[in-house]
Amino acid sequence: MFMETGDAAIIERTNASQKPPVIFIHGLWSKPANWRGWNDVFEAAGYAPLAPEWPAELGGAAGPETIGGVAAHLARIAGALERRPALIGHAFGALIAQILAARGLSAATVAIEPGPFRGGPPLDVRAEAPVDAAAAGRGPLLMISFARDHLLSPSVNHGAYDQQWRYEHAVTEYIQLPRRGRSMPVESGWSGVAQTALAFLKRFL
């Protein structure tokens with residue numbers, strides 16, 4: 001089953017599968033269900049995919065959602081898994097994936113259109129949970145951008161890659177694919193992006 005209600009059910013199902021877990025992290029104005037097609041691809045490849053909800057989606061946010069709060073919530077899920085998961089995030093979800101990877105919580109990470117490390121509304125990345133590009137335990141990282149993206153240019157994504165690449169303690173790769181929309185996980189052509197991410201993860205777990 002793709003989604004259960006509550007973190008405990010997700011963790012229990014994933015651990016019981018004894019398969020390598022992959023956590024999908026959605027961005028702002030998106031939902032876990034956007035990863036449904038990706039779930040099928042990775043499940044068929046022998047992984048245990050899960051797409052947790054953010055605290056506000058679960059009704060557990062005490063106040064306005066912050067990137068630090070979301071990262072802490074997902075860190076608890078990753079830490080409760082018996083096997084260190086791979087992380088795949090899109091947009092702000094990609095930033096969160098990099099935050100968790102820097103904390104040693106990821107076996108391998110795919111950051112899709114992650115944008116700059118420095119924050120801005122509505123979530124303040126710099127104040128709440130900065131990406132530690134120098135973290136020694138980060139693990140392999142693939143950063144994906146898309147050509148002719150008028151909202152987030154490839155140069156912005158490449159700038160984030162440059163900050164990660166300069167530290168040679170882990171594999172860091174960058175790829176630019178044909179143009180996709182901002183709802184990439186569900187838009188036409190998503191399967192090609194999913195296969196690119198899958199091929200990267202297969203090299204490490």
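The values are calculated or read from the model by the stated rules, or taken from the named source; none is laboratory data. Keep in mind that what you see is a predicted model, and the values were worked out from it rather than measured. For neighbour counting, all protein chains shown are included, and Cβ atoms are generated from backbone atoms with ideal geometry for every residue, glycine included.
Give me the residue from region 96-122 that is buried (at least 17 other Cβ atoms within 10 Å of the Cβ) and modelled with pLDDT under 90 and, out of that set, farthest from ILE23 (Cα to Cα).
GLY119
Between a first residue in region 29-53 that is buried (at least 23 other Cβ atoms within 10 Å of the Cβ) and a second residue that is among the β-branched types (Val, Ile, Thr) and in a helix (DSSP H, G or I), which pairs have beta carbons less than 8 Å apart while being 6 or more apart in sequence or on different chains?
Short answer, once both residue conditions are applied: LEU50/ILE10; LEU50/THR14; LEU50/ILE77; PRO52/ILE10; PRO52/ILE77.
Considering only residues that are modelled with pLDDT under 85 and touching a helix residue (DSSP H, G or I) at 6+ places or on another chain (Cβ under 7 Å), which ones fall in region 57-72?
Filtering region 57-72 down to residues modelled with pLDDT under 85 leaves 57-67.
Matches in region 57-72: ALA61, GLU65, THR66, ILE67.
Is it fair to say ALA75 is closer than 19 Å to ILE96 by Cα, touching a Lys or Arg at 6+ places or on another chain (Cβ under 7 Å) and either at pLDDT 90 or above or not aromatic (Phe, Trp, Tyr) (or both)? First the steps, then the outcome.
Details: closer than 19 Å to ILE96 by Cα: yes; touching a Lys or Arg at 6+ places or on another chain (Cβ under 7 Å): yes; either at pLDDT 90 or above or not aromatic (Phe, Trp, Tyr) (or both): yes.
Considered against the rule, which asks whether it is closer than 19 Å to ILE96 by Cα, touching a Lys or Arg at 6+ places or on another chain (Cβ under 7 Å) and either at pLDDT 90 or above or not aromatic (Phe, Trp, Tyr) (or both), ALA75 comes out as yes.
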